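Every number here is computed from the coordinates shown, using simple stated rules; none is lab data. Only a predicted model underlies this, so the values are computations on that prediction, with no experimental measurement involved. Neighbour counts are summed over all protein chains in view; Cβ atoms, including those assigned to glycine, are modelled from backbone coordinates with ideal geometry.
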Amino acid sequence: MNLVIDIGNTLCKAAVFDGDRLAALWSGERPDDLNIPAVVQEHGVEAVIVSTVRKQDDKEIALLIKGLNDAGLKIITAGPHLKLPVKILYKTPQSLGTDRIASAVAAHSMFPGGDVLVINAGTCLTLDFVNSKGEYLGGTISPGLRMRFRALGDYTANLPFIDSEKGESLEKGLALPGHTTVDSIKLGVIAGMAAEIDGLIGLWKEKIRKINVILSGGDIKTFDKKLKNRIFAVENIVLLGLNQMLNHNV
């Protein structure tokens, strides 16, 4: 059994994999929320990979690593230093997020020998490209859904902050034009972000006629049916890629 831990900007996730099968999944806002000791004991975990986009000196992350070490587990820290099934050609690999590497690894495994663009709609909106040779070349980064809502609430005097994580329907009853300020914000952010994704896919298709496109991330359900381009919706692609990275290095 493998344990995969992904500490993102907004959420922390832990998953147990039985081979390539995702057997169990947990999430929380902090590493402590994952209750890793109980997970290790219950599932007989033997190897662990930890990916984080937070500061390395985070005390909670340090305690998490210490607990894993105390349990006598083989721990691998995700990063471009590992043996990888893709070749990293990014010019600044030291600044490359481990979540982006994992997404690229999983995307390449899904379309070996093909050009693939993997889109993650999470805290940030990232698009990453792996060519048919298995070479990771880079991509784009822009604000994610909640960050866009937060920016309108924080940087204006009178516009409200719409919390996209509270479970309210962002799209219920929405239609152009927005007849209230709240609806206008929702339409502007959601439709604008969908147009951005479609536009970026279009730019890639101008360069590469046949390209496979994968959509993943926490906001996948907001966009998977809004895009004009054909995409493959894949949940938890970062976790899938981290598991493959772990298997490649044990």
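Results, tabulated for the structure shown:
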item: Estimated FRET transfer efficiency when R0 is 30 angstrom, pair Arg150-Ala62 (beta carbons, to 0.05); result: 0.60
item: Taking Met245, Met1 and counting other C-beta atoms within 10 Å, the order from fewest to most; result: Met1, Met245
item: Rounded to 5, the percent of DSSP beta bridges in the chain classed as antiparallel; result: 60 percent
item: Crossing angle, helix 181-207 versus the chain [Cα axis fit, 0-90 degrees, rounded to tens]; result: 70 degrees
item: Among (i) 17.2, 53; (ii) 19.0, 59; (iii) 20.5, 66, the entry that matches Rg and Dmax of the Cα atoms in Å as calculated here; result: (ii)
item: Pairwise label distance in nanometres, Leu137 with Glu42, each label 7 Å out on the Cα-Cβ vector; result: 4.4 nm
item: Neighbour-limited loop hits for trypsin sites (Lys or Arg not before Pro), the range 1-89 (at most 10 other Cβ within 10 Å; DSSP other than H, G, I, E, B); result: Lys55, Lys83
item: Residues Tyr136, Tyr155, Tyr90, sorted so that the one with the fewest Cβ neighbours within 10 Å comes first; result: Tyr155, Tyr90, Tyr136
item: 222 nm mean residue ellipticity, helices alone, for the chain (DSSP H n ≥ 4; -39,500 (n - 2.57); rounded to 500); result: -10500 deg cm²/dmol
item: Cut-off 15 Å between beta-carbons: net charge of the residues surrounding Trp26, Lys and Arg +1, Asp and Glu -1; result: -4
item: Total formal charge among the other residues, if their Cβ is under 10 angstrom from that of Ile197, Lys/Arg +1 and Asp/Glu -1; result: 0
item: Nearest-0.05 FRET efficiency for Gln94 and Trp26, computed from C-beta distance (R0 41 Å); result: 0.85
item: Footprinting exposure proxy for His43, His108, His81 (fewest neighbouring C-beta atoms within 10 Å first); result: His81, His43, His108
item: Hypothetical label at Arg54: residues of the range 63-88 whose amide nitrogen lies under 13 Å (7 Å Cα-Cβ projection); result: 63-65
item: Summed side-chain charge close to Val105 - residues other than Val105 whose Cβ falls under 14 Å, Lys, Arg +1, Asp, Glu -1; result: -2
item: Label-point separation in nm, Val250 to Lys228, each point 7 Å along Cα→Cβ; result: 4.6 nm
item: Cα-centred dipole magnitude for the chain, charges only on beta-carbon of K, R (+1) and D, E (-1), debye, nearest 20; result: 840 debye
item: Lys, Arg +1 and Asp, Glu -1 on Cβ, resulting dipole of the range 56-203 about Cα centre, debye, nearest 20; result: 380 debye
